[in-house]
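The values are calculated or read from the model by the stated rules, or taken from the named source; none is laboratory data. Remember, it's a predicted structure, so these values are computed and weren't measured experimentally. Counting neighbours? That spans all protein chains shown, and the Cβs are built from the backbone with ideal geometry, glycine included.
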Amino acid sequence: MYQRVAELYPICRSITGDGFRETLRRLHPDVALQLHEVPTGTRVFDWTVPKEWNVREAWIKDSRGEKVVDFARHNLHLLNYSVPFCGTLTLEELRPHLYTLPDRPDWIPYRTSYYKEDWGFCLSQRQLDGMSEGSYEVLVDTSLADGYLTYGECLLPGEETDEVLVSCHACHPSLANDNLSGVALTSALVSTLSRLERRWSYRFLFVPGTIGPIVWLARNDERTEKIRAGLVVACVGDSGSFNFKRSRRGNTELDRAAEHVLRHIGGDAVVEDFSPYGYDERQYGSPGFDLPVGSLRRTPHGRYPQYHTSADDLSLVRADCLAESLRCYLEIVRVLEGNRTYVNLNPKCEPQLGRRGLYSLVGGRTDAERREMAMLWVLNLSDGSNSLLDIAERARMPFPEIVAATRELLGVGLLEERKAA
Amino acid sequence: MYQRVAELYPICRSITGDGFRETLRRLHPDVALQLHEVPTGTRVFDWTVPKEWNVREAWIKDSRGEKVVDFARHNLHLLNYSVPFCGTLTLEELRPHLYTLPDRPDWIPYRTSYYKEDWGFCLSQRQLDGMSEGSYEVLVDTSLADGYLTYGECLLPGEETDEVLVSCHACHPSLANDNLSGVALTSALVSTLSRLERRWSYRFLFVPGTIGPIVWLARNDERTEKIRAGLVVACVGDSGSFNFKRSRRGNTELDRAAEHVLRHIGGDAVVEDFSPYGYDERQYGSPGFDLPVGSLRRTPHGRYPQYHTSADDLSLVRADCLAESLRCYLEIVRVLEGNRTYVNLNPKCEPQLGRRGLYSLVGGRTDAERREMAMLWVLNLSDGSNSLLDIAERARMPFPEIVAATRELLGVGLLEERKAA
Amino acid sequence: MYQRVAELYPICRSITGDGFRETLRRLHPDVALQLHEVPTGTRVFDWTVPKEWNVREAWIKDSRGEKVVDFARHNLHLLNYSVPFCGTLTLEELRPHLYTLPDRPDWIPYRTSYYKEDWGFCLSQRQLDGMSEGSYEVLVDTSLADGYLTYGECLLPGEETDEVLVSCHACHPSLANDNLSGVALTSALVSTLSRLERRWSYRFLFVPGTIGPIVWLARNDERTEKIRAGLVVACVGDSGSFNFKRSRRGNTELDRAAEHVLRHIGGDAVVEDFSPYGYDERQYGSPGFDLPVGSLRRTPHGRYPQYHTSADDLSLVRADCLAESLRCYLEIVRVLEGNRTYVNLNPKCEPQLGRRGLYSLVGGRTDAERREMAMLWVLNLSDGSNSLLDIAERARMPFPEIVAATRELLGVGLLEERKAA
């Protein structure tokens, strides 16, 4: 995953344009993405697909002809979605188009102007401090024209047509944790899950932020009722603790699965309530959809100093953190996949586990005790009203131990799956 | 308000009689009270309106003819509702009729004998200690005779006929915090609300404690179903923290509004559950009515040492505390007035706030962030099931910010009020 | 009770056999038990009544003919349910049949082999250390043959046919706290309750662990719907704090009664959730029955070092602890007996307690205040939806005070019992 982040890091992306397309193309052949191209001007709910934006070059030259700010050196230097411009300005005239971070004098901020036509440059405060009064030649050689918005989609079908949605935004330029970490993790999830048997179908979306999920939801309105769980993948490569943001409803199976996994994974995981501020869970969780979509991240966007600056670079992302994040996502998937409800076929008093070889006979073997406890919990609570996740939570045992006990009990015919009516 | 307390302080009040009438008359013209006179003997539920009590004079003279205890010096000196008496007694014979506070030797206690015919005097322990053996002439020149129980009522009609009830007891003699502070604050509420547009109707009661609300409830039994919220006003002039006592049901709109306001007003406000011990919320919260009436006070009655003694005087009440209490009551009224439920007319994905001028376009303006957050919360939760108070609570934002955001969204046609079925 | 424990301590008991019968016989005449004899081979749900086990003698002799381990010295020495055996073995051959506690070198462990035919001896580590290599003569003169499983039952009928179940296991050999303390306390409960008027019927079971309640439940399946509360009595003689284990449902009247009593009894009582690991509450709480049966004990089984060793002897049990445990059980019974629901016949406003002699008239008598508070709570909450236990909990007052107030109010006709529909 770290290699993936490193490979994609230099590309200049935006919510439309060739950088986004190139990013999705690079995911091949690991991720068999279907690319969708949606024309400029398409109405999607309250929004309109914007013009497509591409950059050739952009710079500011000083009076000696030296490029003091150059998009070629760092793609954050250009205000994302800048309209074309060419001219010579005094520093005074230029200033309203320059963005810096006075508190972090070495970092370049990341700024966008998607929905207001403007141009500008982002630079470090030190760069700005080094610019003397005088006139500057400015070139913003971009195109903002009718074209397409691109997004990638991949469906891994399962036994059931109900879907688990995994969505990441892939529209940020050279920013590593937000959100190339999410792109890399989502890609790895596709690879891993494509090799496993699946109960649920899995739909993966690689979309531009905000407008991306809006486009997808507008084009798939009726399909959303198939979504039984979903996760927005963002900021998963730094070394912060896990942070799970609940879905709008807050108590869906997805929420309970994620909280269960985080409770047993160790570390200082934090669970927080849904709020309408954040990433694309805002759209999935709008009241007209109210989908059971949460977001599992490490340090949430906006809460680490490097956020949306040039300091969110390859040094912020760690291979081991990405790997641990993937493990955590897979644990949640494991709960969603395995969370079934059974009925104890011998509900009156305990069955005699001993004569079925499921109970140590003389006692005292500590290693067997947890296994026996798990079996007793599954038998006791499998009255048709408790799922295995319910049982794991009440027993305060990790889900996999409950699943293992369930398999043993199924093996001797003591359980039967309760099929939904 | 402090002036009002000071003006009313010298009057000797009781649950009936001219002191109570005079107190209500003094509220004119600020408070356009309707005075009700209910005859002695009227049956009100389990109770009977008592005889009317009035005092001309009352004293104890020592053998030298000197008045050692005199109602004219402090109206607490006379056991409230003392029957007429005239005679000469030894100190020994007198003692069963004398009430003191040995632990607070300078304070005069406040005692009553409404429902048992008796006479007596309250005095400081020092006064009693100064009384030598010997005979004393006693005069209790009171009248306890058929008459009337008086109470004041004022209705400020609103758009709706549903009512908010505000009730204070006005039967205590020279006791400042309990409850002239309540009388003054209730009067100020009448003045303030009479000048504002009102969604709800407001009914104010100035009643004698216990028997007063019983009389009112007995005469207005069928009207109580119009009461959607209510507050008993008592002990609001001292410098203690706010204390809100919940209604019997505990989770009515009134309770939630009061708790919301106290959470955001700062300070160490305490919220406590209903109990059947207290002031007139006991009657409003009796099981046959179970009205949504709580009580907002500062230090509750019985929990400050000066309670029901001569030390509950003008020095215990502070003008700034009265003003802050009034503000708190008005904040609760503001929530009750403004708590409506809306429906987001663009429920699928967020509406594009930017093109409606409701979203800062380049970002980074901190002052705009809270306003935007409030709008996002209102849009996200306005699915018809959440009132603005629900939204403010879930967003953990003050109610007025949520109302302001709602107004902006109404202005651009993104919301519609949900009318109750 | 301590005498009872001491008297029964020497008897060798098991889940079947004469030791169990003798134990029940000794409870006469205090406890009028009906003895049930269930034949070997009887099917009871998933289980089968085992063969009956009896012991004549059992020992290990060294080469000098000296008994180095002898059942006659301590009945724990024999692996409970050992099959007959007679032979001469080397120490090496003997070792797999010997059980010790290396960490507690002076204690004899208690081990059983009910459902696997085997023989063995339990001895202290010091005894084992003292055994030299060489050959040993072994005699296990037991019988394991078709016979009967015995259990004792006693029903104290009450006004109502609904039952409170009290169950203890009586199958352990010389182990004092687990569970002769339970046998003694249950016997004392029978004696005490037999002398009192009873609202509910009380059923007492003296059974072998696990197989005992299974037998009873299999033979009384339809009767279980009469059980409205139940307690499993175990480990009630040590000096540990009280520990109440909730029923499977966790919020039944029994659970609430026990928690209420423990909250007011003082000490560091602990309440814990049901788990399917423990004593016979496992069977009563199996999903096919789901009976409202909890367990009140002191230090729970398995959590004190002497558990299931020879150190669980008469020194571990204290007469005062047994007495306090009995008191606690009786308090719970008192709540179950007294928990009725009333309706306030004067629901609109408070009734005038003063003229009924229920209210102190001049005030200030502290001793009367709690009594008055209790009356106010009962009046306020007796709207037909709250039982006296609900009221005690909301008022945070001990149940008996609420009952006393209820009696006073009934005495003046202010309450009426609400009969279930």
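Can you name every residue in segment C:94-111 that is more than 12 Å from chain A (Cβ to nearest Cβ) and of a type in the set (A, V, I, L, M)?
Passing the criteria: C:Leu94, C:Leu98, C:Ile108.
When you go through (1) of a type outside the set (Gly, Ala, Ser); (2) touching a helix residue (DSSP H, G or I) at 6+ places or on another chain (Cβ under 6 Å); (3) surrounded by 20 or more Cβ atoms within 10 Å (Cβ to Cβ); (4) more than 9 Å from chain A (Cβ to nearest Cβ) one by one for B:Trp377, which number turns out not to apply?
With (1) of a type outside the set (Gly, Ala, Ser); (2) touching a helix residue (DSSP H, G or I) at 6+ places or on another chain (Cβ under 6 Å); (3) surrounded by 20 or more Cβ atoms within 10 Å (Cβ to Cβ); (4) more than 9 Å from chain A (Cβ to nearest Cβ) applied to B:Trp377, the lone miss is (4).
Could you tell me which residue of segment C:380-409 is surrounded by the most Cβ atoms within 10 Å (Cβ to Cβ), considering only residues that are in contact with a Phe, Trp or Tyr (Cβ under 8 Å, 6 or more places away or on another chain) and part of a loop (DSSP other than H, G, I, E, B)?
Of everything passing the filter in segment C:380-409, C:Ser382 is surrounded by the most Cβ atoms within 10 Å (Cβ to Cβ).
Among the numbered conditions (1) within 27 Å of A:Pro305 (Cβ to Cβ); (2) at pLDDT below 95, tell me where A:Glu133 comes up short.
Every listed condition holds for A:Glu133 apart from (1).
Which of the residues belonging to segment C:48-85 are surrounded by fewer than 21 Cβ atoms within 10 Å (Cβ to Cβ) and aromatic (Phe, Trp, Tyr)?
Once the filter is applied, which keeps residues that are surrounded by fewer than 21 Cβ atoms within 10 Å (Cβ to Cβ) and aromatic (Phe, Trp, Tyr), segment C:48-85 yields only C:Phe85.
Whether any residue in segment A:53-64 is away from chain B (no Cβ under 14 Å), under 10 Å from A:Tyr148 (Cβ atoms) and either out of contact with any Leu (no Cβ under 6 Å at 6 or more places or on another chain) or of a type in the set (Phe, Trp, Tyr) (or both) is what I want to check. Quick ask: steps written out before the conclusion?
We begin by selecting, within segment A:53-64, every residue away from chain B (no Cβ under 14 Å); these are A:53-64.
From the residues that got through so far, the ones that are under 10 Å from A:Tyr148 (Cβ atoms) too are none.
Checking segment A:53-64: not a single residue is away from chain B (no Cβ under 14 Å), under 10 Å from A:Tyr148 (Cβ atoms) and either out of contact with any Leu (no Cβ under 6 Å at 6 or more places or on another chain) or of a type in the set (Phe, Trp, Tyr) (or both).
List every residue pair whose Cβ atoms sit under 8 Å apart, with the two residues 6 or more apart in sequence or on different chains, where the first one lies in segment C:262-279 and is surrounded by fewer than 16 Cβ atoms within 10 Å (Cβ to Cβ) and the second, anywhere, is of a type in the set (S, T, N, Q) and not in a strand (DSSP E or B).
These pairs meet every condition: C:Gly267/C:Ser241; C:Asp268/C:Ser241; C:Val270/C:Ser241.
If you scan segment C:194-221, which residues turn out to be small (Gly, Ala, Ser), more than 16 Å from the chain's Cα centre (by Cα) and not in a helix (DSSP H, G or I)? Please lay out each step first, then the result.
Looking only at segment C:194-221, we keep the residues that are small (Gly, Ala, Ser), and these are C:194, C:201, C:209, C:212, C:218.
With more than 16 Å from the chain's Cα centre (by Cα) added as a condition, the list becomes C:194, C:201, C:218.
Once the filter is applied, which keeps residues that are small (Gly, Ala, Ser), more than 16 Å from the chain's Cα centre (by Cα) and not in a helix (DSSP H, G or I), segment C:194-221 yields only C:Ser201.
Out of the residues in segment C:119-147 that are assigned to a loop (DSSP other than H, G, I, E, B) and within 22 Å of C:Leu175 (Cα to Cα), which is nearest to the other protein chains (Cβ to nearest Cβ)? Spell out how you get there, then give the answer.
Going through segment C:119-147, the residues assigned to a loop (DSSP other than H, G, I, E, B) turn out to be C:119-120, C:123-124, C:130-134, C:146-147.
Subsequent filtering for residues that are within 22 Å of C:Leu175 (Cα to Cα) retains C:119-120, C:123-124.
Details: C:Trp119: 12, C:Gly120: 9, C:Leu123: 16, C:Ser124: 17 Å.
Looking at residues that are assigned to a loop (DSSP other than H, G, I, E, B) and within 22 Å of C:Leu175 (Cα to Cα), I get C:Gly120.
List the helices (runs of 4 or more DSSP H) that sit entirely inside segment C:1-98 and contain at least 1 residues that are at pLDDT 95 or above and over 30 Å from C:Ser132 (Cβ atoms).
Values: elements: C:2-8, C:18-27, C:91-94.
The qualifying helices (runs of 4 or more DSSP H) are C:2-8, C:18-27.
Please determine whether any residue of segment C:158-165 is touching a Phe, Trp or Tyr at 6+ places or on another chain (Cβ under 6 Å) and of a type in the set (Val, Ile, Thr). Reasoning before the result, please.
Filtering segment C:158-165 for residues touching a Phe, Trp or Tyr at 6+ places or on another chain (Cβ under 6 Å) gives C:158, C:160, C:162, C:164.
Remaining after also requiring of a type in the set (Val, Ile, Thr): C:164.
Checking segment C:158-165: at least one residue is touching a Phe, Trp or Tyr at 6+ places or on another chain (Cβ under 6 Å) and of a type in the set (Val, Ile, Thr).
Any residue that is over 27 Å from A:Arg25 (Cα atoms), out of contact with any Leu (no Cβ under 6 Å at 6 or more places or on another chain) and at pLDDT below 95 - is there at least one of those in segment A:109-117?
Initial filter on segment A:109-117 (over 27 Å from A:Arg25 (Cα atoms)): A:109, A:116-117.
Then drop every residue that is not out of contact with any Leu (no Cβ under 6 Å at 6 or more places or on another chain), which leaves A:117.
Retained after the next criterion (residues that are at pLDDT below 95): A:117.
Yes; the residues of segment A:109-117 include at least one that is over 27 Å from A:Arg25 (Cα atoms), out of contact with any Leu (no Cβ under 6 Å at 6 or more places or on another chain) and at pLDDT below 95.
One line per residue, one yes/no per condition, for (1) under 30 Å from B:Val207 (Cβ atoms); (2) in contact with a Gly (Cβ under 7 Å, 6 or more places away or on another chain); (3) charged (D, E, K, R):
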site	(1), (2), (3)
B:Val49	yes, yes, no
B:Asn75	yes, no, no
B:Gln125	no, no, no
B:Leu139	no, no, no
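Just for helices (runs of 4 or more DSSP H) wholly inside segment A:252-366: which have at least 1 residues that are away from every other protein chain (no Cβ under 12 Å) and hydroxyl-bearing (Ser, Thr, Tyr)? Full working, then the answer.
Details: elements: A:253-264, A:281-284, A:319-338.
The helices (runs of 4 or more DSSP H) meeting that bar are A:319-338.
Within segment A:150-168, identify whether any single residue is within 14 Å of another protein chain (Cβ to nearest Cβ) and closer than 25 Å to A:Asp312 by Cα, and answer yes or no. Quick ask: steps written out before the conclusion?
Filtering segment A:150-168 down to residues within 14 Å of another protein chain (Cβ to nearest Cβ) leaves A:167.
From what is left, the residues that are closer than 25 Å to A:Asp312 by Cα are A:167.
Yes: segment A:150-168 contains one or more residues that are within 14 Å of another protein chain (Cβ to nearest Cβ) and closer than 25 Å to A:Asp312 by Cα.
Go through (1) under 17 Å from B:Asp255 (Cα atoms); (2) crowded, with 17+ Cβ neighbours inside 10 Å for B:Leu414 and report which single condition fails.
(1)
Quick one: what pairs do we get from segment A:108-121, first residue under 19 Å from B:Arg355 (Cβ atoms), second of a type in the set (Val, Ile, Thr) and modelled with pLDDT of 95 or more, C-beta under 7 Å, 6+ apart or different chains?
Pairs found: A:Tyr114/A:Ile15; A:Glu117/A:Val83; A:Asp118/A:Val83.
Can you go through B:Leu144, B:Leu91 and tell me which one is surrounded by 13 or more Cβ atoms within 10 Å (Cβ to Cβ) and in contact with a Lys or Arg (Cβ under 9 Å, 6 or more places away or on another chain)?
Checking each option against the conditions leaves just B:Leu144.
Using the structure shown, decide if B:Ala404 is of a type in the set (A, V, I, L, M), modelled with pLDDT of 95 or more and in the same structural domain as B:Leu185 (by TED's automatic domain parsing).
Numbers: of a type in the set (A, V, I, L, M): yes; modelled with pLDDT of 95 or more: yes; in the same structural domain as B:Leu185 (by TED's automatic domain parsing): no.
Answer is no for this residue.
Of all residues in segment C:36-49, which are away from every other protein chain (no Cβ under 11 Å) and in contact with a Ser or Thr (Cβ under 9 Å, 6 or more places away or on another chain)? Please lay out each step first, then the result.
Step one: list which residues in segment C:36-49 are away from every other protein chain (no Cβ under 11 Å), which gives C:36-43, C:49.
Residues satisfying the conditions are C:His36, C:Glu37, C:Val38, C:Thr40, C:Gly41, C:Thr42, C:Val49.
Per-residue answers, yes or no, for (1) closer than 30 Å to C:Arg248 by Cα; (2) in the same structural domain as A:Ser385 (by TED's automatic domain parsing); (3) under 19 Å from the mean Cα position of the chain (by Cα):
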| site | (1), (2), (3) |
| --- | --- |
| A:Gly288 | no, no, no |
| A:Leu316 | no, no, yes |
| A:Cys328 | no, no, yes |
| A:Ile332 | yes, no, yes |
| A:Leu358 | yes, yes, no |
